[in-house]
Each structure stands twice: as structure tokens, then as C-alpha cells.
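Data block below; observations after.
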Amino acid sequence: MKFALFFLGEYAAMITGSAVIVTLFFGGWHFPWIPDGSHGWIFGLINIAVFFSKVAALIFVFMWVRWTLPRFRYDQLMRLGWLFFFEIALVNIFIAAIILAYLPS
């Protein structure tokens, strides 16, 4: 039962994280050829279906990566984060600051 609850919590976090990522980065319920001003229950159902299909696609990508790649040990993950991703994030911040400072808005 502990194992089942562990995986239930893990998949609940995966679904919640996918919904947040879809909302923030993938346009939420917007479909490219349906205008925003359309009011009607059919367009509402289409928007709901688009949102859940984006969430399902992202969950598929998460599961595909998890099943394909080997797991990192915690020390390997920390080393990757501090030695690789931290420098990339700093370079990203500096490039964004330079672009904002020298390009006219």
C-alpha cells in the first residue's frame, strides 16, 4: 500500500505540474484557429478538450523520458544543477540584460 500511495502521489504531482506548465507556457486552452471571443458551449468544450490534450501530451513526454533515460543519483543531479544549469541561467540573465539595455523597445 505504501508503494501504491507513493506512485499515486508521484502521478498526481505529474498531472498538476503538466497542467501548470500548459497554462503558463503552452497557451492553456487556446487553439490557434478558434477566436477568443466565441461564446458557446461547443467552443467551451473544444477549449477544455484542447487543454486536456495538451496536458496528456506533456504527461506522455514526461513518462517517455522517465522510461527511456536512466535515473540520476541525487549527487549527480546536484552536480548537474550547480555546475551546468546554474552557469547557463547566469549567462541567460546577462544576455537578457544586455538585450534590454541596448536594443530600443
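The values are calculated or read from the model by the stated rules, or taken from the named source; none is laboratory data. Source: prediction; values computed, not measured. Glycine also receives a Cβ, built like all others from the backbone with ideal geometry; neighbour counts cover every protein chain displayed.
For segment 36-49, indicate whether the set of residues that are assigned to a helix (DSSP H, G or I), in contact (Cβ under 8 Å) with a residue 40 or more places away in the chain and closer than 22 Å to ALA12 by Cα is non-empty.
no
Restrict the check to segment 76-91 and report whether at least one residue is aliphatic (A, V, I, L, M) and either within 23 Å of PHE26 (Cα to Cα) or touching a residue at least 40 places away in the same chain (Cβ under 8 Å) (or both).
Yes - at least one qualifying residue is present in segment 76-91.
Residues are listed down the side, and each one gets a yes or a no for (1) surrounded by 11 or more Cβ atoms within 10 Å (Cβ to Cβ); (2) out of contact with any Gly (no Cβ under 9 Å at 6 or more places or on another chain):
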{"position": "VAL22", "(1), (2)": "yes, no"}
{"position": "PHE52", "(1), (2)": "yes, yes"}
{"position": "PHE60", "(1), (2)": "yes, yes"}
{"position": "VAL65", "(1), (2)": "no, yes"}
{"position": "THR68", "(1), (2)": "no, yes"}
{"position": "GLN76", "(1), (2)": "no, yes"}
{"position": "GLY81", "(1), (2)": "yes, yes"}
{"position": "GLU87", "(1), (2)": "no, yes"}
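Of the conditions (1) in contact with a Lys or Arg (Cβ under 9 Å, 6 or more places away or on another chain); (2) part of a loop (DSSP other than H, G, I, E, B), VAL22 fails just one. Which one is it?
Going through (1) in contact with a Lys or Arg (Cβ under 9 Å, 6 or more places away or on another chain); (2) part of a loop (DSSP other than H, G, I, E, B) one by one, VAL22 breaks only (2).
Can you name the residue in segment 50-62 that is among the aliphatic types (A, V, I, L, M) and free of Cβ contacts under 8 Å to residues at least 40 places away in the same chain and, of all such residues, is nearest to ILE15 (Cα to Cα)?
Going through the qualifying residues, I end up with ALA56.
When only residues in segment 53-105 that are over 24 Å from GLY17 (Cα atoms), assigned to a loop (DSSP other than H, G, I, E, B) and of a type outside the set (A, V, I, L, M) count, which is modelled with the lowest pLDDT?
Applying the filter and picking the extreme gives SER105.
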